[in-house]
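> Have a look at this one before I ask anything.
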Amino acid sequence: MIKNRDIVTNLFWKFAERIGAQLVSLTVSILLARFLLPEEYGVVAILLVFINIANVFVSEGFSTALVQKKEATEIDASTMFYCSFLISWILYAILFVLSPSIEIFYKMDGLANLLRVLALKLPIAAINSIQHAYVQRSMQFKKFFFSTIIGTLISGVVGVALAFLGFGPWALVAQYLTNSTIDTVVLFYTVKWRPRMVFSAISAKEMMRYGWKITCGSLLNTIYSETRSLIIGKKYSSSDLAYYNKGVQFPQLIVTNIDSSIGSVLFPALSKITDEKQRLKETVRKSLKMSCYIIFPCMAGLAAVSTPLIKLLLTDKWLPAVFFLHIACITQALQPINTANIQLIKALGRSDYFLKMEAIKKFTGIVTLLITMWFGVKFLAAGEIFVVLVCNLINAYPNKKLIDYGYMEQLHDILPSALMTGCMYIIVRLVSAHLHVTDIALIAIDAMVGVMVYVGISVLVKSEELEALKRLILKK
């Protein structure tokens, strides 16, 4: 039986992994943004659309099915490995053949060769996804810390060095490939699991019965997410796509560190207590409240200092990204609701719900996308706020029936964090309006004021989340 102490310990290591990796990635990204032009970033952003879509077939269904299955065996793990590895090479062959047509469609010389090399990520991801599933099942998140940090550091050095030497978009391709390769190699030496020379058609059929729905749902989500990039890159320009991606990057950096870390630990933890309805509800509830307590002020603070931050880190040539950063701060702040609800549904094995929900959400998203795209790239980006709100409602709907934790009760739980964040944001903006200092001083003062106000209010209202964080830090 999984203990709360185990969840907290693994959550700590997952946080450490994501925070360490993202701090390194942020530093590398800042350096690369100074060496590379926005249009060079845009070219690789287009390539990643195709890689990310293909990667859904390689990673999502197989690894999720392996984690969700209560009594997974060595035969199950090896079977999923071989299925994933075979599909990865099939997808690589498809992208290899289609790459010249994609280059012609986007009218970008050299795009085909870049795609053919970057697509080598797929076979690497096939190996890595089963390794990750094994680590998640056994709740050994400490393993992730070392593989991710080592891979991020070395790949960052490679990317920056090649960018400095004038390799343009090839620097980014080399960085992505190096990161994936080293992550996989380190896990190979730190994780005991190895694929055996066994394959079970019965096992494959059983887990694919669950996994294909997860794959289809994730595919719908990925296609929808990447369609926005495809449209921006084709209808507008690679520079617009670079500004959009760079604006989204900073909010996602924070959410990846916090919300995704909680989700990664929450899913296997919930999968082990599916027979305890009340405990499921309490676990999801605490996860949601803690995520929002941390993410809300981070997003509000980031939006408040966006202009001086972009100028300081990326230089004035990236200032058009500020608008997209504001939009992303709003949408990413709402992600904890989606994460908590989706992880519960997946843990309960209700992949049927997951697929239906994804279909409805993506239909709403595509219709919104098709309407807003005609009014400019800013309208297209802003439409995502409406889509995320709709997704919140849809994701929460089944859980009213499953664990008696509906959307209105969820909103009630996160309302205190939202109100405290609103007060903090107003005070920070009022302070900023009366300051005439350098960008770095403005960011530092705003951050200090924001933290003091938010923590101060939390103390006054005796926030449960603040107390829980204090206990975690003090290891009580």
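> All but one of (1) among the aliphatic types (A, V, I, L, M); (2) surrounded by fewer than 16 Cβ atoms within 10 Å (Cβ to Cβ); (3) within 25 Å of the chain's Cα centre (by Cα); (4) at pLDDT 80 or above hold for A468, so report the exception by its number.
Every listed condition holds for A468 apart from (4).
> Now, a different point. Output the residues belonging to region 294-321 that are open to solvent by less than 20 Å² (accessible area, probe 1.4 Å) and closer than 15 Å to N338 by Cα.
Selection gives I295 alone.
> Being polar (S, T, N, Q) and either crowded, with 23+ Cβ neighbours inside 10 Å or outside any helix (DSSP H, G or I) (or both) is the filter here, so list the residues in region 153-200 that pass it.
Across region 153-200, the qualifying residues are S155, Q175, N179, S200.
> Failed condition for M408, given (1) over 30 Å from D352 (Cβ atoms); (2) out of contact with any Leu (no Cβ under 9 Å at 6 or more places or on another chain); (3) free of Cβ contacts under 8 Å to residues at least 40 places away in the same chain, with all others met?
Exception for M408: condition (1).
> Can you list residue pairs whose Cβ atoms sit under 8 Å apart, with the first residue in region 151-164 being over 14 Å from I30 (Cα atoms) and the second being hydroxyl-bearing (S, T, Y) and assigned to a helix (DSSP H, G or I)? Count only pairs 6 or more apart in sequence or on different chains.
G151/T178; G151/S180; G151/T181; T152/S25; I154/T178; S155/Y176; S155/T178; V158/T178
> Report yes if some residue within region 365-387 is surrounded by 15 or more Cβ atoms within 10 Å (Cβ to Cβ) and under 25 Å from T283 (Cβ atoms); otherwise report no.
Within region 365-387, not a single residue is surrounded by 15 or more Cβ atoms within 10 Å (Cβ to Cβ) and under 25 Å from T283 (Cβ atoms).
> For C391, only one of the following conditions fails: (1) in contact with a helix residue (DSSP H, G or I) (Cβ under 7 Å, 6 or more places away or on another chain); (2) more than 30 Å from A242 (Cα to Cα); (3) surrounded by 14 or more Cβ atoms within 10 Å (Cβ to Cβ). What is its number?
Only one criterion is unmet by C391, namely (2).
> Further, regarding this structure: Quick one: which residue in V453, V431 is among the hydrophobic types (A, V, I, L, M, F, W, C), open to solvent by 40 Å² or more (accessible area, probe 1.4 Å) and at negative phi?
Answer to the check: V431.
> Say whether the condition of being at pLDDT 65 or above and either part of a helix (DSSP H, G or I) or touching a helix residue (DSSP H, G or I) at 6+ places or on another chain (Cβ under 8 Å) (or both) is met by at least one residue in region 4-22.
No, region 4-22 contains no residue that is at pLDDT 65 or above and either part of a helix (DSSP H, G or I) or touching a helix residue (DSSP H, G or I) at 6+ places or on another chain (Cβ under 8 Å) (or both).
> Could you check region 259-284 and list, in sequence order, the residues that are of a type in the set (V, I, T), open to solvent by less than 20 Å² (accessible area, probe 1.4 Å) and modelled with pLDDT under 70?
Of everything in region 259-284, those that are of a type in the set (V, I, T), open to solvent by less than 20 Å² (accessible area, probe 1.4 Å) and modelled with pLDDT under 70 turn out to be I262, V265, I273.
> Yes or no: S287 surrounded by 22 or more Cβ atoms within 10 Å (Cβ to Cβ), at pLDDT below 85 and within 13 Å of V255 (Cα to Cα)?
Considered against the rule, which asks whether it is surrounded by 22 or more Cβ atoms within 10 Å (Cβ to Cβ), at pLDDT below 85 and within 13 Å of V255 (Cα to Cα), S287 comes out as no.
The values are calculated or read from the model by the stated rules, or taken from the named source; none is laboratory data. Note that this is a predicted model, so its numbers are computed, not measured. Heads up, the Cβs are rebuilt from the backbone with ideal geometry, glycines too, and the neighbour counts pull from every protein chain shown. In case anyone asks, the SASA skips ligands and DNA or RNA and just uses the protein heavy atoms, side chains included. Shrake-Rupley method; radii C 1.70, N 1.55, O 1.52, S 1.80 Å.
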